[in-house]
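Colleague: Sharing a structure with you now.
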Amino acid sequence: MCKKIVVGLLLTVILLTIAEAQQPKKVPRIGYLSALSQPADSYRSEAFRQGLRELGYIEKKNITIEYRYADGKLDLLPELAAELVRLKVDIIVTQSALDAYAARQSTIRIPIVMTASGDAVGTGLVASLARPGGNITGLTALSRELSGKRLELLKETVRGLSRVAVLWNAANPDKARDVEEAQLQARTLGLELQSLEIRDPNDFDGAFQTATRKRAGALLTLADSLTIIHQSRIVDLAAKSRLPAMHEQREFVEAGGLMAYGPSLLGLFRRIATYVDKILKGAKPADLPVEQPMQFELVINLKTAKNIGLIIPPELLVRANKVIK
């Protein structure tokens, strides 16, 4: 009798195991929210997919990604975030603090992983870098903290520099804090900062005319969806105005800008895949520390320098991670 019971139990276990194996496994669905346009974001999303592939996740095979792009229209972000929530995605990946804000307005349950936030603590997105709390974690690009270094590099590059124009999207509330920090850093370096506020593509020409009229000696561009989408136009206007320009991202320099200093965005987007992996395996965002970048890159375009009649100090070229000739 006992043998029959044991055999019966074994058969039941075997049948349940077979049935479980035959059931299709749930494919994780990731929401990807960006204020950029799809073309402007393409190399970022590809870096993210590369990071996923390195961890064994293949899009459309064992993971699904739902992309939502605002095309630079920041007012669309809340609705796009709400769409992802209605799709019941497992995780929402965002790029900036603004994207993360929009996602958090739509959900306090679904984990949100930010890729390149500015001041995540100062903006209230997380309680602290070590213990974020809530449903948000990810990476910070330290854009605000690096303003001083970027201005310092401009001062080293342009002899006698006294006035720097800062180009920023005034329609993006997160950028106002960046400008305030840049103002503080400029004072410590003995520089005057001239604000060039833009809100849409029609403002670019007027902004550069103002910079020329007020005799700005250099330009600092703050990166956000508006400036990234129109980076080629900004680069062209800076060249026509003969303004030595410092950018936050190397892609501006590869498009013809003079120089950039900051963490590698592609590295950040590959790295964010590790957060997705940990959360899918059961980790909680509240317990995953927000990482700060450890490596930074200085990229200089010598061709652009020559075109605007600027000689880059040799000691600066030696320190550059990449020099475009």
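The values are calculated or read from the model by the stated rules, or taken from the named source; none is laboratory data. Computed from a prediction, not measured in an experiment: that's the story for all the values here. As a convention, Cβ positions derive from the backbone with ideal geometry for all residues, glycine included, and neighbour counts pool all protein chains shown. To get the accessible areas, we keep the full protein, side chains included, count just its heavy atoms, and leave off ligands, DNA and RNA. Shrake-Rupley method; radii C 1.70, N 1.55, O 1.52, S 1.80 Å.
Colleague: Can you tell me which residues in segment 134-160 are within 13 Å of Ala286 (Cα to Cα) and either open to solvent by 40 Å² or more (accessible area, probe 1.4 Å) or modelled with pLDDT under 90 (or both)?
Modeller: Let us first name the residues in segment 134-160 that are within 13 Å of Ala286 (Cα to Cα), namely 134-138.
Within segment 134-160, just Gly134 meets the criteria.
Colleague: With the requirement that a residue be of a type in the set (S, T, N, Q) and either modelled with pLDDT under 95 or open to solvent by 60 Å² or more (accessible area, probe 1.4 Å) (or both), what does segment 89-105 give you?
Modeller: If we filter segment 89-105 for residues that are of a type in the set (S, T, N, Q), which is where we start, we get 94-96, 105.
Scanning segment 89-105 gives Gln95, Ser96, Gln105.
Colleague: Which of the numbered conditions does Arg86 fail, given that it passes all the others? Conditions: (1) more than 18 Å from Arg271 (Cα to Cα); (2) touching a residue at least 24 places away in the same chain (Cβ under 8 Å); (3) open to solvent by 10 Å² or more (accessible area, probe 1.4 Å).
Modeller: Failing condition for Arg86: (2).
Colleague: Please state which one of Val126, Val113 is crowded, with 17+ Cβ neighbours inside 10 Å, under 17 Å from the mean Cα position of the chain (by Cα) and part of a strand (DSSP E or B). Let's see the steps before the verdict.
Modeller: Working: Val126 fails: part of a strand (DSSP E or B).
Going through Val126, Val113 in turn, the sole match is Val113.
Colleague: State all residues of segment 37-82 that are over 23 Å from Arg104 (Cβ atoms), assigned to a helix (DSSP H, G or I) and acidic (Asp, Glu); if no residue qualifies, say none.
Modeller: Glu46, Glu54
Colleague: Keeping to segment 1-50, report how many residues are of a type in the set (Gly, Ala, Ser), more than 30 Å from Asp75 (Cβ to Cβ) and either open to solvent by 70 Å² or more (accessible area, probe 1.4 Å) or at pLDDT 55 or above (or both). Before the answer, list the steps.
Modeller: Quick first cut of segment 1-50, residues of a type in the set (Gly, Ala, Ser) only: 8, 19, 21, 31, 34-35, 37, 40, 42, 45, 47.
Among the residues that remain, those that are also more than 30 Å from Asp75 (Cβ to Cβ) are: 8, 19, 21.
From what's left, either open to solvent by 70 Å² or more (accessible area, probe 1.4 Å) or at pLDDT 55 or above (or both): 21.
Final tally of qualifying residues: 1.
Colleague: Let me ask something additional. If you scan segment 161-183, which residues turn out to be open to solvent by 40 Å² or more (accessible area, probe 1.4 Å) and touching a residue at least 12 places away in the same chain (Cβ under 8 Å)?
Modeller: Answer for segment 161-183, where residues must be open to solvent by 40 Å² or more (accessible area, probe 1.4 Å) and touching a residue at least 12 places away in the same chain (Cβ under 8 Å): Ser162, Arg163, Ala171, Pro173, Arg177, Glu181.
Colleague: Still on this structure: Check segment 199-206 and report whether any residue there is surrounded by 14 or more Cβ atoms within 10 Å (Cβ to Cβ), modelled with pLDDT of 95 or more and either in a helix (DSSP H, G or I) or of a type outside the set (Lys, Arg) (or both). Quick ask: steps written out before the conclusion?
Modeller: Taking segment 199-206 as the starting set, the residues that turn out to be surrounded by 14 or more Cβ atoms within 10 Å (Cβ to Cβ) are 203-204.
From what is left, the residues that are modelled with pLDDT of 95 or more are 203-204.
Of the ones still in play, those that are also either in a helix (DSSP H, G or I) or of a type outside the set (Lys, Arg) (or both) are 203-204.
Taking every residue of segment 199-206 in turn, at least one turns out to be surrounded by 14 or more Cβ atoms within 10 Å (Cβ to Cβ), modelled with pLDDT of 95 or more and either in a helix (DSSP H, G or I) or of a type outside the set (Lys, Arg) (or both).
Colleague: Continuing with this model, one more query. Quick check on Gly267: is it out of contact with any strand residue (DSSP E or B) (no Cβ under 6 Å at 6 or more places or on another chain), at pLDDT 95 or above and surrounded by fewer than 24 Cβ atoms within 10 Å (Cβ to Cβ)?
Modeller: On the way: out of contact with any strand residue (DSSP E or B) (no Cβ under 6 Å at 6 or more places or on another chain): yes; at pLDDT 95 or above: no; surrounded by fewer than 24 Cβ atoms within 10 Å (Cβ to Cβ): yes.
Considered against the rule, which asks whether it is out of contact with any strand residue (DSSP E or B) (no Cβ under 6 Å at 6 or more places or on another chain), at pLDDT 95 or above and surrounded by fewer than 24 Cβ atoms within 10 Å (Cβ to Cβ), Gly267 comes out as no.
Colleague: Would a scan of segment 214-221 turn up a residue that is under 25 Å from Asn172 (Cα atoms), touching a helix residue (DSSP H, G or I) at 6+ places or on another chain (Cβ under 8 Å) and of a type in the set (Ser, Thr, Tyr)? Full working, then the answer.
Modeller: So in segment 214-221, the residues under 25 Å from Asn172 (Cα atoms) come out as 214, 216, 218-221.
Now drop any that are not touching a helix residue (DSSP H, G or I) at 6+ places or on another chain (Cβ under 8 Å), which leaves 218-221.
Within this subset, residues satisfying the condition of being of a type in the set (Ser, Thr, Tyr) are 221.
There is at least one residue in segment 214-221 that is under 25 Å from Asn172 (Cα atoms), touching a helix residue (DSSP H, G or I) at 6+ places or on another chain (Cβ under 8 Å) and of a type in the set (Ser, Thr, Tyr).
Colleague: In the list Thr212, Thr227, Thr188, Thr157, which residue meets the criterion of being within 21 Å of Tyr101 (Cα to Cα) and among the β-branched types (Val, Ile, Thr)? Outline the logic, then answer.
Modeller: On the way: Thr212 fails: within 21 Å of Tyr101 (Cα to Cα); Thr188 fails: within 21 Å of Tyr101 (Cα to Cα); Thr157 fails: within 21 Å of Tyr101 (Cα to Cα).
Being within 21 Å of Tyr101 (Cα to Cα) and among the β-branched types (Val, Ile, Thr) holds for just one of Thr212, Thr227, Thr188, Thr157, which is Thr227.
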